[in-house]
Amino acid sequence: MPETLTLGSRLVHAVSAVVLGKPEAVELTVTGLLAGGHVLIEDRPGVGKTLLARSVARALDLPYQRLQCTADLLPSDVLGSQVYLRDSGELRFQPGPVFTSVLVADELNRTPPRTQSALLECMAEGAVTVDRTTYPLPDPFFVVATQNPSSSAGTYPLPDSQLDRFLIRITLGYPDAAEECAIVAREDGHRALERMSAVAGAEDLLAARTAIQAVRLQDDVLRYLVELCRRTRESSDVEVGVSPRGAQALHRACRARAALRGRDFVIPDDVQQLALPVLAHRMSVQRGAVDAAAAVLGELLQTVGAPD
């Protein structure tokens with residue numbers, strides 16, 4: 001997977017130069033991009049969510065739009081709407097910001113459910129339907145969204161159907177002392193972002209995604225991946241476990257991670273490292289929090305035997 005390895009390394013290096021001290025989060029974001037999925041970054045304000053999202057967009061020589069989500073945002077503000085042309089008396093569709101290759105949706109859970117649902121068709125099918133007419137979105141199309149914790153004031157929890165559209169969910173956390181010193185000592189991260197140059201274009205990304213399709217998954221690793229997902233449905237702590245679509249998502253992410261490391265085959269470690277960011281947000285746990293889902297997955301990773 002030389003093309004994917006090279007592209008992934010360039011992207012990780014470029015983004016890591018702006019987003020300090022978060023190599024795992026950067027790699028997960030790039031993994032989601034290469035796998036053809038969308039990425040959700042959740043954490044408290046001020047830890048670099050928007051900086052990471054915008055850095056990935058800037059690293060790609062692709063059209064991108066940043067959408068600041070607010071409580072008064074309407075679906076038409078996202079998708080576009082029919083505009084009346086007085087001179088001709090015709091209605092013409094005016095595309096919204098979603099008609100781009102990289103959409104940065106900042107603080108997605110500050111929009112009400114009605115507006116959140118505007119992204120469902122976009123993210124699943126790469127298209128927008130307005131007034132019974134379907135308009136295709138550009139290819140590639142990648143959504144990287146941020147959200148504040150659901151306990152924050154003025155937020156609307158993302159429904160399961162919306163969460164399921166995201167291939168990977170990432171939390172950043174606070175930096176350690178040395179990393180925080182480096183962050184505070186340097187100039188503002190968004191100024192560094194403005195000087196950032198693109199390192200890849202549409203053809204590079206599409207070629208890498210095509211190459212990932214050749215990554216192999218041996219039968220024993222496939223059975224391990226599926227068994228891990230099935231066991232989430234059997235746990236007494238889980239109300240709704242991972243669906244077959246969730247298992248497919250883990251499969252896609254594992255193939256991208258393998259290619260990012262220069263392999264044309266998936267190993268059990270790929271499954272184990274991606275189980276939490278790919279599966280936890282797809283589970284409904286009695287205790288209600290994603291942390292509880294992470295605990296369940298941690299137990300399953302200990303009990304479900306991995307192939308040699």
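The values are calculated or read from the model by the stated rules, or taken from the named source; none is laboratory data. Everything numeric here is computed off the predicted structure, so don't read it as measured data. Cβ coordinates were reconstructed from backbone atoms using ideal geometry, including for glycine residues, and neighbour counts include every protein chain displayed.
Things worth noting here:
- Selection from the range 198-212 of residues that are surrounded by fewer than 18 Cβ atoms within 10 Å (Cβ to Cβ) and in contact with an Asp or Glu (Cβ under 6 Å, 6 or more places away or on another chain): Ala198, Gly201, Ala207
- Taking every residue in the range 136-151 that is modelled with pLDDT of 90 or more and pairing it with any residue that is surrounded by fewer than 24 Cβ atoms within 10 Å (Cβ to Cβ) and basic (Lys, Arg), at least 6 positions away or on another chain, the pairs with Cβ-Cβ distances below 9 Å are Pro140/Arg209; Val143/Arg165; Gln147/Arg110.
- Of all residues in the range 281-295, those satisfying the criterion of being part of a helix (DSSP H, G or I) and either at pLDDT 90 or above or surrounded by fewer than 20 Cβ atoms within 10 Å (Cβ to Cβ) (or both) are His281, Arg282, Val290, Asp291, Ala292, Ala294, Ala295.
- Residue match in the range 238-247 (condition: over 16 Å from Val30 (Cβ atoms), part of a loop (DSSP other than H, G, I, E, B) and not polar (S, T, N, Q)): yes
- In the range 66-90, the qualifying residues are those that are touching a residue at least 40 places away in the same chain (Cβ under 8 Å) and assigned to a strand (DSSP E or B), and the one that is farthest from Leu51 (Cα to Cα) is Gln82.
- Some residue of the range 168-181 being over 17 Å from Leu67 (Cβ atoms), assigned by TED's automatic domain parsing to the domain that holds Val56, assigned to a helix (DSSP H, G or I) and of a type in the set (Gly, Ala, Ser): yes
- Residue satisfying all of: in the range 92-112; under 19 Å from the mean Cα position of the chain (by Cα) and outside any loop (DSSP other than H, G, I, E, B); surrounded by the fewest Cβ atoms within 10 Å (Cβ to Cβ) among these: Asp106
- Verdict on Leu205 being without any contact (Cβ under 8 Å) to a residue 40 or more places away in the chain and touching a strand residue (DSSP E or B) at 6+ places or on another chain (Cβ under 8 Å): no
- Residues (more than 18 Å from Ile168 (Cβ to Cβ) and touching a residue at least 40 places away in the same chain (Cβ under 8 Å)) located in the range 257-294: Gly262, Arg263, Asp264, Phe265, Ile267, Pro268, Ser284, Val285, Gln286, Arg287, Ala292
- Hey, Ala192 surrounded by 16 or more Cβ atoms within 10 Å (Cβ to Cβ), in contact (Cβ under 8 Å) with a residue 24 or more places away in the chain and over 29 Å from Gly246 (Cβ atoms) or not: yes
- Filtered residues of the range 81-108 (kept if of a type outside the set (A, V, I, L, M, F, W, C) and within 20 Å of Ala57 (Cβ to Cβ)): Pro95, Gly96, Pro97, Thr100, Ser101, Asp106, Glu107
- The residues listed here are Asp308, Asp237, Asp270; of these, the one that is charged (D, E, K, R) and buried (at least 19 other Cβ atoms within 10 Å of the Cβ) is Asp270.
- For first residues located in the range 1-30 and closer than 16 Å to Ile212 by Cα, partners that are charged (D, E, K, R) and at pLDDT 90 or above and lie 6+ apart or on another chain with Cβ distances below 8 Å form the pairs Met1/Arg263; Met1/Asp264; Glu3/Asp204; Leu5/Arg261; Leu7/Asp204.
- Of all residues in the range 35-51, those that are surrounded by fewer than 24 Cβ atoms within 10 Å (Cβ to Cβ) and assigned to a helix (DSSP H, G or I) total 2.
- Considering residues of the range 224-234 that are more than 14 Å from Phe265 (Cβ to Cβ) and touching a residue at least 60 places away in the same chain (Cβ under 8 Å) only, the residue surrounded by the fewest Cβ atoms within 10 Å (Cβ to Cβ): Glu227
- Ser9 vs. criteria surrounded by 16 or more Cβ atoms within 10 Å (Cβ to Cβ), closer than 16 Å to Ser197 by Cα, under 21 Å from the mean Cα position of the chain (by Cα) and not charged (D, E, K, R): no
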